[in-house]
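Peer 1: Dumping the structure here so I can ask a few things about it.
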Amino acid sequence: MKISTKGRYGLKAMIDLSINSVNDSVTLKSISERQNISEGYLEQIFAALRKKGLIQGKKGSQGGYILGQSPSDITVGDILRALEGELNLVEIDETKTDDRVEQCINYNVWSKLNKSINDIVDSITLEDLVMKYNTLANDTFMYYI
């Protein structure tokens, strides 16, 4: 499994949207400029996120996007699955094998790896990422000469 640029940019865009849509909707153009992602690519990403209900579009002169749910209810797993599909390292089809060695590996290795990956991405919320971003943004460094 490899997370594509679509997944990585989707996470960046969702953090940006969460930070900047507190009082109003956010345009794709503004996200594009802040995150250095092409507006056309963001349109594709946001279409998939909108389809899953993670964001909502607002039409009109004051249009843009807002989150479809609270940041505490959106997980990294939700975002990545909307953009990448299932997050399995190895696809397991247990009905196709009579090979006991393969069944052993499927159960003891691949299924545990798949579960661990999904548990991790489902344990991190968009709110967690925004809080970490804010912590990093507020860190100031003192330089002594």
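The values are calculated or read from the model by the stated rules, or taken from the named source; none is laboratory data. Remember, it's a predicted structure, so these values are computed and weren't measured experimentally. So basically every Cβ, Gly included, is an ideal-geometry build from the backbone, and we count neighbours across all protein chains shown.
Peer 1: Within region 1-35, how many residues turn out to be out of contact with any Gly (no Cβ under 8 Å at 6 or more places or on another chain), of a type outside the set (Gly, Ala, Ser) and more than 30 Å from Ile92 (Cα to Cα)?
Peer 2: Residues meeting the conditions: 14.
Peer 1: Got a number for residues in region 89-119 being in contact with a Phe, Trp or Tyr (Cβ under 8 Å, 6 or more places away or on another chain) and at pLDDT 80 or above?
Peer 2: The number of residues fulfilling the criteria is 1.
Peer 1: Out of curiosity, is Ile117 within 18 Å of the chain's Cα centre (by Cα), part of a helix (DSSP H, G or I), of a type in the set (Val, Ile, Thr) and within 12 Å of Met14 (Cβ to Cβ)?
Peer 2: no
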